[in-house]
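The values are calculated or read from the model by the stated rules, or taken from the named source; none is laboratory data. Here the structure is a predicted model, which means the values were calculated and not measured. Here the Cβ positions follow ideal geometry from the backbone for every residue, glycine too, while neighbour counts run over all protein chains shown.
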Amino acid sequence: MSPNVRRRTSGRPGGRVVLTRPDDPAPIIPILARRVREIEAKVGRGPMSPSNRTKFQVIALLVRSERARIKGDPEIPSGARTELLKRLDGIATILAQVTSRDTSLLTLLDGKTPGPAAQRLRLDWLLESGAELAPEDMVIVAPAPPAPVIPAGVTTTQAPVPASVSSRVMSNPFLAPDLGRALQHERLPGRLAGWDLMDPLYRAFEEGAGGGSATMDLPPAPTIDRISPQGSTLMVHQARFLEEVRLGHRTFLLADEPGLGKTAQSVLAASVAGAYPMLAVVPNVVKINWAREVQRWTPQRRVAVIHGDGRDVDAFADVFVVNYEILDRHFAWLSSLGLRSMVVDEAHFIKNLKSQRSQQVLALADRLRDLTPGGNPLLMALTGTPLINDVKDFQAIWTFLGWVRNNKPTSELIGRLEETGLTPSDRAFYREARSAVVDMGIVRRRKVDVAKDLPEKRVADIPVELDDDLGRSVRQAERALGQRLLVKYRAFLTEHNAAEIPGEPDEALMRRVAAAELKSSSAKNGTENVFSLVRRIGQAKASLASDYAIQLSHSVGKVVFFAKHIDVMDTAERKLADAGLRTVSVRGEQTSKQRQVAIDAFQNDPEVAVAVCSLTAAGVGLNLHAASNVVLAELSWTAAEQGQAIDRVHRIGQDEPVTAWRILAAGTIDSKIAELIDAKQGLAARALDGSDEEVASGDTLQLEALVQLLRQALAD
């Protein structure tokens with residue numbers, strides 16, 4: 001062996017023997033030259049393998065650092081420095097040539113900290129060159145966990161962290177380690193490298209349908225329903241969706257038409273996937289209904305509805321429901337709760353990527369992907385209207401679901417597009433690209449598609465919370481009326497020397513008190529009575545019912561909106577106009593000709609979205625079957641009047657199942673009146689063998705409502 005060559009062994013276990021010259025000022029250069037030739041030979045043989053891409057990145061990093069070291073080392077003679085830099089330029093030239101043949105390698109030259117594999121390879125090559133390394137240079141640095149992304153403006157609006165949240169975090173301070181994410185590799189673009197794919201994807205949905213529906217293939221429904229709680233049954237289309245969840249799919253744009261049970265499917269999906277805690281971000285108008293659906297379909301789970309500052313929230317719940325308007329106030333503690341699933345209801349609300357609302361939702365979804373083991377949380381975007389104005393409305397939903405990031409498809413979607421073997425220059429690409437996106441998790445069923453699973457007509461209750469000044473005045477008036485009934489009830493007891501038995505009110509006496517109150521209610525004495533109370537409830541619900549009609553119209557097209565009072569109709573027409581929807585009105589003061597013009601416009605003009613109708617004036621004799629969805633903003637005093645309103649839509653010529661959405665004020669007499677209407681309707685059906693003629697009068701219903709108020713006052 002030459003005296004100018006020394007023998008050493010690589011510092012890593014099992015390291016091979018390497019030969020270095022002690023007078024060589026840059027022994028790493030021969031190693032880099034040999035490795036870059038290997039890369040050059042590989043690049044013409046197809047897509048670069050992950051190991052060769054790692055080599056490419058390490059060569060580029062070491063060329064950069066070695067160039068800086070040589071230029072700054074005063075002990076290297078000028079002539080030697082020039083020669084060494086020339087050799088590095090030669091290596092850099094080969095790197096540039098390789099990059100020109102595989103432009104996807106450009107992403108490896110962004111200067112970011114290399115991953116553990118690249119750090120390890122760099123260390124091996126430095127040791128092979130004979131470099132003397134400090135102990136800290138031998139450490140492989142794992143990538144730091146991503147910091148929570150908090151959108152601008154959110155931190156200044158945070159509500160205080162509820163005490164129960166701190167308790168939950170302390171009871172389980174360690175999230176399960178995410179071992180799966182370290183094994184995941186970004187898919188490497190091949191033939192699609194260098195293509196801007198977003199515009200072709202939008203175009204795919206504009207013109208690539210080829211007559212096919214935008215819904216992924218779902219497995220058959222299981223023969224036995226093992227998911228539904230006792231007393232409830234899944235429809236076939238719901239069971240098929242949940243079977244896909246059971247098989248492991250975790251991202252969905254669930255775009256079923258209203259009335260097909262998207263909420264129930266989402267609630268049960270979390271149960272099937274074991275993805276708790278779950279967060280549901282929903283419009284205010286359906287917040288209470290969401291809680292009710294959780295209790296109905298997963299009664300073993302606890303649900304927490306977040307109101308206001310969230311001070312009393314149950315942080316140990318399985319499901320958290322929050323409305324868009326207050327999400328920013330609770331972003332910080334929700335993002336630290338270890339959520340495993342997230343639902344965005346009416347997901348078209350986040351279509352504006354620049355809005356704070358959208359940024360909050362997307363940041364929370366990123367947080368879930370960062371913290372959920374395997375990086376695969378259950379994410380569901382629910383909307384009957386994924387597109388409002390433009391196909392680009394898809395982008396926010398795709399970003400929420402993790403199919404797109406920074407206006408580029410993520411690795412899974414790129415992989416599906418690569419599998420087509422096509423590029424946007426091929427005409428067939430657009431049909432195949434649309435199918436690839438649909439298979440990522442788009443599920444869209446219409447009423448007509450699953451009509452055999454649905455009743456011809458049904459009433460679905462939407463409980464809403466009256467949390468404004470008008471709502472508070474309603475509850476105050478309701479309590480005042482109940483207290484007045486209670487005073488009369490106890491006065492009757494005193495008059496007849498009867499003892500009040502706690503928990504056992506005198507039913508007959510309660511009805512006498514209610515009957516006396518009902519009789520006096522017709523007198524205009526300025527006091528609150530059952531009629532004025534119900535009217536006030538209708539006024540308080542008007543805006544929320546209008547909001548729901550707007551959502552329905554965007555999702556399904558034409559909607560019929562029924563109200564009892566003119567001021568409620570006026571409010572609805574203003575709100576609908578503000579939302580850019582054209583309406584017609586059917587009212588009692590119209591002439592027959594005016595009414596028919598309005599009906600014809602609703603039936604025949606595609607630009608007319610909503611018919612705002614009086615329950616009494618439009619309840620009979622009209623044909624409005626251009627719609628299959630009805631919003632009942634106010635309750636009637638008879639089941640027959642409610643049924644007549646629904647039957648304006650459920651008529652000959654109607655080829656879809658009809659759904660009537662009954663808006664109910666939660667926690668008020670409104671909900672009890674709805675129960676009484678349903679009970680009386682059931683009694684009529686049983687007594688008269690299917691006839692819709694009523695057994696009970698409206699007076700009876702009003703009396704029963706007053707009895708309920710008195711019973712509540714006695715319980716308080």
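The figures follow:
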{"quantity": "Checking residue 594 against (1) in a helix (DSSP H, G or I); (2) in contact with a helix residue (DSSP H, G or I) (Cβ under 8 Å, 6 or more places away or on another chain), the condition it does not meet", "calculated": "(2)"}
{"quantity": "Positions within segment 585-606 being of a type in the set (Lys, Arg) and closer than 21 Å to residue 629 by Cα, in sequence order", "calculated": "587, 595"}
{"quantity": "Residue within segment 17-25 that is assigned by TED's automatic domain parsing to the domain that holds residue 117, at pLDDT 85 or above and either over 19 Å from residue 126 (Cβ atoms) or surrounded by 11 or more Cβ atoms within 10 Å (Cβ to Cβ) (or both) present", "calculated": "no"}
{"quantity": "Every residue from segment 402-435 that is in contact with a helix residue (DSSP H, G or I) (Cβ under 8 Å, 6 or more places away or on another chain) and polar (S, T, N, Q)", "calculated": "407, 420, 423"}
{"quantity": "Residue that is outside the structural domain of residue 200 (by TED's automatic domain parsing) and of a type in the set (A, V, I, L, M, F, W, C), where the choices are 428, 433, 491", "calculated": "491"}
{"quantity": "Residue in segment 372-383 that is farther than 22 Å from residue 268 by Cα and surrounded by fewer than 22 Cβ atoms within 10 Å (Cβ to Cβ) present", "calculated": "no"}
{"quantity": "Search result, residues across segment 455-487 that are surrounded by 17 or more Cβ atoms within 10 Å (Cβ to Cβ) and either among the small types (Gly, Ala, Ser) or more than 25 Å from residue 547 (Cβ to Cβ) (or both)", "calculated": "471, 477, 481, 482, 484, 485, 486"}
{"quantity": "Matching entry among 528, 573, 589 (being part of a helix (DSSP H, G or I) and within 30 Å of residue 477 (Cβ to Cβ))", "calculated": "573"}
{"quantity": "Matching residues, segment 428-454, being buried (at least 17 other Cβ atoms within 10 Å of the Cβ), more than 28 Å from residue 233 (Cα to Cα) and small (Gly, Ala, Ser)", "calculated": "433, 435, 436"}
{"quantity": "Residue in segment 390-406 that is more than 27 Å from the chain's Cα centre (by Cα) and surrounded by 13 or more Cβ atoms within 10 Å (Cβ to Cβ) present", "calculated": "no"}
{"quantity": "Among (1) touching a Cys at 6+ places or on another chain (Cβ under 9 Å); (2) surrounded by fewer than 16 Cβ atoms within 10 Å (Cβ to Cβ) - the single one residue 532 does not satisfy", "calculated": "(1)"}
{"quantity": "Residues within segment 71-94 that are farther than 22 Å from residue 109 by Cα and charged (D, E, K, R), tallied", "calculated": "4"}
{"quantity": "Members of segment 451-470 found to be over 20 Å from residue 631 (Cα atoms) and touching a helix residue (DSSP H, G or I) at 6+ places or on another chain (Cβ under 9 Å), listed by number", "calculated": "452, 453, 467, 468, 470"}
{"quantity": "Top-ranked residue of segment 612-641 - restricted to ones that are of a type outside the set (S, T, N, Q) and over 19 Å from residue 458 (Cα atoms), ranked as modelled with the highest pLDDT", "calculated": "612"}
{"quantity": "Conditions (1) assigned to a strand (DSSP E or B); (2) among the aliphatic types (A, V, I, L, M); (3) closer than 20 Å to residue 162 by Cβ: number failed by residue 343", "calculated": "(3)"}
{"quantity": "Single condition residue 295 does not satisfy, out of (1) outside the structural domain of residue 272 (by TED's automatic domain parsing); (2) in contact with a Phe, Trp or Tyr (Cβ under 8 Å, 6 or more places away or on another chain)", "calculated": "(2)"}
{"quantity": "Only one of 577, 549, 545, 572 that is under 22 Å from residue 346 (Cα atoms), modelled with pLDDT of 90 or more and surrounded by fewer than 18 Cβ atoms within 10 Å (Cβ to Cβ)", "calculated": "577"}
{"quantity": "Evaluation of residue 101 against (1) of a type outside the set (Ser, Thr, Tyr); (2) without any contact (Cβ under 8 Å) to a residue 60 or more places away in the chain; (3) in contact with a Pro (Cβ under 7 Å, 6 or more places away or on another chain) (one fails), failing number", "calculated": "(3)"}
{"quantity": "Qualifying residue in segment 69-90 (condition: at pLDDT 85 or above, of a type outside the set (Gly, Ala, Ser), under 47 Å from the mean Cα position of the chain (by Cα) and surrounded by 12 or more Cβ atoms within 10 Å (Cβ to Cβ))", "calculated": "no"}
{"quantity": "Selection within segment 245-283 - in a helix (DSSP H, G or I) and in contact (Cβ under 8 Å) with a residue 40 or more places away in the chain", "calculated": "245, 262, 263, 266, 267, 268, 269, 270, 271, 272, 273"}
{"quantity": "Subset of segment 185-217 (residues that are farther than 27 Å from residue 101 by Cβ, modelled with pLDDT under 75 and assigned to a loop (DSSP other than H, G, I, E, B))", "calculated": "208, 209, 210, 211, 212, 213"}
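Residue by residue, here is whether (1) over 22 Å from residue 665 (Cβ atoms); (2) within 29 Å of the chain's Cα centre (by Cα); (3) at pLDDT 80 or above; (4) part of a loop (DSSP other than H, G, I, E, B) holds:
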residue: 463; (1), (2), (3), (4): no, yes, yes, no
residue: 477; (1), (2), (3), (4): no, no, yes, no
residue: 485; (1), (2), (3), (4): no, no, yes, no
residue: 490; (1), (2), (3), (4): yes, no, yes, no
residue: 497; (1), (2), (3), (4): yes, no, no, yes
residue: 500; (1), (2), (3), (4): yes, no, no, yes
